[in-house]
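Chemist: Structure provided below as structure tokens; questions to follow.
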Amino acid sequence: MKKLGRWMLLLVVVSLFMMLDVVTATAEEPIELRLTWWGSQQRHDLTIKVIELFEQQYPNIKVVYEFSGWRDYFTKLTTQAAGGNLPDIMQHDYARIAEWVANGLLLPLDEYVASGMLDLSNVSESVLQGGKVDGKLYGVTLGTNSLGMILDVDAFQKAGIDLPAQNWTWEDYEQIALKLHEKLGIWGGGGTLADHNIWKSIYLGYGQNNYAADGKSLGYTDDQPLTNHMSMLVRLIDAGAYIPRDVELAEYFTTGPEGSALVQGKAAMVAYWSNQMAAIWKAAGEDRNLTIMHLPRPKDGCCSSNYIKPSMFFSITKDAKHPKEAAMFIDFFINSIEAGQILLADRGVPVSSDVRKGITEMLGKAEQASFAFVEKVESDGSPLPPADPAAHSDVYNNVYLPEFADPILLKEISPEEGVANLRNMATPILSK
């Protein structure tokens, strides 16, 4: 009887070891995660280094990645969505996340936060709010930034022009651009001032937003501020003091910030997001003297044209084959101090308080300028406006660019006609 008992005990022990082997084998089965993002060459290089660091820590997980410039990024992913072939993780944008959630293309991340797999304990609630839609978390903010005006200080000094005050106006901008052109023969202004983000910033200066809170209409009734802005750009283009539209589009959609007119010495003022400061400065040459300032505000406005926004998100898509491992990657990306020391400010000011502390001593002058600018906007900027409505992409692609911004700056229609187009064509799209 005792011998039988010993054999039974041995059998149980062997069975337990066999089960443990199965669990271990399952845990270490090779997993392939697909990841995609947009950005500059610098962002590509830094992100790949973080991926390699992650794979060292999780040798059974292979991250297969794709990256591109901004222009075709969402077009490509929309095609993948239609074919049910989205990657596990995609970099997402504040202007589009509501649309993707409405179309059922993203997974809520709350269960991974609740389980501790995705640790957001060092991220402030105000930062997390940007990735929430209808109370659920669909995007983890990778950094915070603000749209600013990057100035070539050397060009200002060469032209004998003082740097503007932080509360400068669009009238100040126009006069400075004209003087820079007159003194140096360059474009004073170098681009992106007809972008939809500037549209938003113009109306923030009046305490309003370009879209209504419910996303069903435009958020303002007075078109004159937008007409004034576009008229200013046309005057500057006519004077040779602002980048021509065809050149601007090539820069914005193809060469990116590293090929900007400021980098090439052809302009002294360009509007870019603060997290792009490092890429621009590196491409321009670190011996160049650059700074970043608040956007100009309307002369008759009430408020700052700047606000702090989520620079971008990582989201897990509906087609994710390995959502748990995708959550692990996002957790590593935002919480690993080693990853933060690689990325620095490329995707904005890191959202984890521990990572911010861990990279402070490593910041170069470009990152320091970016961090200081974001800190200033946090103290005196306007509140974060609501995320753009689901119809924003339709408005942007089918109205804003082809019927408003492009034809105005290409001198095909007047600013008044373009502004009327925007209202008349966007309104029925938004009201659906």
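No lab work stands behind these numbers, since they all come straight from the coordinates. Predicted model, so just to flag it, every value in this text is computed and none were measured. Here Cβ is always computed from backbone atoms with ideal geometry, including for glycine, and neighbour counts include all displayed protein chains.
Chemist: Counting only C-alpha contacts under 8 Å and six or more residues apart, can you give the relative contact order of the chain as a whole percent?
Modeler: Taking the mean separation of contacting Cα pairs over the length of the chain, I get 25 percent.
Chemist: Quick one: what are the phi-derived ³J(HN,Hα) couplings along region 392-402, Karplus 6.51/-1.76/1.60 with θ = phi - 60°, whole Hz, x for glycine and proline?
Modeler: Along region 392-402, the couplings run 4, 4, 4, 4, 5, 6, 9, 10, 4, 6, x Hz.
Chemist: In region 29-71, which residues have a backbone nitrogen under 18 Å from the label point lying 7 Å from S115's Cα in the Cα-to-Cβ direction?
Modeler: Under cut-off, by backbone N: 29-34, 58, 60-62.
Chemist: For a 29 Å ceiling on Cα separation, which of these pairs sit above it: K76/K432; K76/K132; K49/K365; K299/K357?
Modeler: K299/K357
Chemist: Follow-up question, since we're still on this one. When the C-alpha atoms of region 194-254 are aligned to their principal axes, what extent does each axis show, in angstrom, from largest down?
Modeler: 38, 26, 15
Chemist: Hey, another quick one. Can you work out ³J(HN,Hα) from phi for every residue in region 328-342, in order, using Karplus 6.51 cos²θ - 1.76 cosθ + 1.60 and θ = phi - 60°, giving whole Hz and x for Gly and Pro?
Modeler: 4, 5, 4, 4, 4, 4, 8, 10, 6, 5, 4, 5, x, 6, 7
Chemist: Using 0.36 nm per residue, how much length does the chain from E361 to A212 gain when fully extended, once their Cα-Cα distance is taken away? Intermediate values should be presented prior to the final figure.
Modeler: Working: separation 149, 0.36 × 149 = 53.64 nm, distance 4.24 nm.
Extending this stretch completely gives an extra 49.4 nm.
Chemist: Let me ask you something else. Are there GluC sites (Glu not before Pro) in region 201-298 that DSSP marks as loop and that have at most 13 other Cβ atoms within 10 Å, and which are they?
Modeler: Here the sparse-neighbourhood loop sites are E286.
Chemist: Same structure, new question: If you take every DSSP beta bridge fully contained in the chain, what fraction is antiparallel? Give it as a percent rounded to 5.
Modeler: 60 percent
Chemist: Also, quick follow-up: What is the extension gain from T291 to K49, computed as 0.36 nm multiplied by their sequence separation minus the C-alpha to C-alpha distance, in nm to one decimal? Write down the numbers at each step before the final one.
Modeler: Details: separation 242, 0.36 × 242 = 87.12 nm, distance 2.80 nm.
Answer, rounded to one decimal: 84.3 nm.
Chemist: Could you list the square roots of 5 times each eigenvalue of the Cα gyration tensor of the chain, that is, the equivalent ellipsoid semi-axes, sorted largest first and rounded to whole Å?
Modeler: 46, 24, 18
Chemist: First select every other residue whose beta carbon is under 10 angstrom from the beta carbon of G160; then total the charges, Lys and Arg +1, Asp and Glu -1.
Modeler: +2
Chemist: Ok, one more. Rounded to the nearest 0.05, what FRET efficiency is calculated for K136 and K411 with R0 set to 45 Å and r the Cβ-Cβ distance?
Modeler: Details: r = 46 Å, r/R0 = 1.02.
So the FRET efficiency works out to roughly 0.45.
Chemist: Which peptide among 74-87, 133-146 comes first, and what is the full order, when sorted by highest mean count of other Cβ atoms within 10 Å?
Modeler: The densest-packed peptide leads the list: 133-146, 74-87.
Chemist: Over all alpha-carbon pairs in region 143-291, figure out the percentage whose distance exceeds 26 Å.
Modeler: The proportion of pairs with Cα distances above 26 Å equals 25 percent.
Chemist: Only sites in a loop by DSSP and with at most 12 other Cβ atoms within 10 Å count here; which trypsin sites (Lys or Arg not before Pro) in region 245-305 make the cut? Please report the intermediate quantities before stating the final value.
Modeler: Details: sites: R245, K266, K282, R288, K299; in loops: K266, R288, K299.
Taking region 245-305 and a limit of 12 other Cβ atoms within 10 Å, the loop trypsin sites (Lys or Arg not before Pro) found are K299.
Chemist: Another one. State, as an integer percentage, the relative contact order of region 251-332 based on alpha-carbon contacts under 8 Å between residues 6 or more apart. Before the final figure, lay out the partial values.
Modeler: Numbers: 43 pairs, mean separation 14.7, N = 82.
It comes to 18 percent, rounded to a whole number.
Chemist: Also: Given a cut-off of under 8 Å on Cα pairs at least six residues apart, what relative contact order in percent is computed for region 312-371? Before the final figure, lay out each step's value.
Modeler: Values: 42 pairs, mean separation 16.6, N = 60.
That works out to 28 percent.
Chemist: Moving on to the next point. If each of V153 and M425 carries a label point 7 Å out from its Cα toward its Cβ, how far apart are those two points in nm?
Modeler: 4.3 nm
Chemist: In bins 10 Å wide, starting from 0, what share of all Cα pairs of region 263-333 does each bin hold, as a percent?
Modeler: 14, 29, 24, 22, 11, 0
Chemist: In region 347-432, which GluC sites (Glu not before Pro) are in a loop and have at most 16 other Cβ atoms within 10 Å, using DSSP for the loop call?
Modeler: Hits after loop and neighbour filter: E412.
Chemist: Please give the length that would be gained between C302 and T221 if that part of the chain were fully extended, namely 0.36 nm times their separation in residues minus their C-alpha to C-alpha distance (nm, one decimal).
Modeler: 27.5 nm
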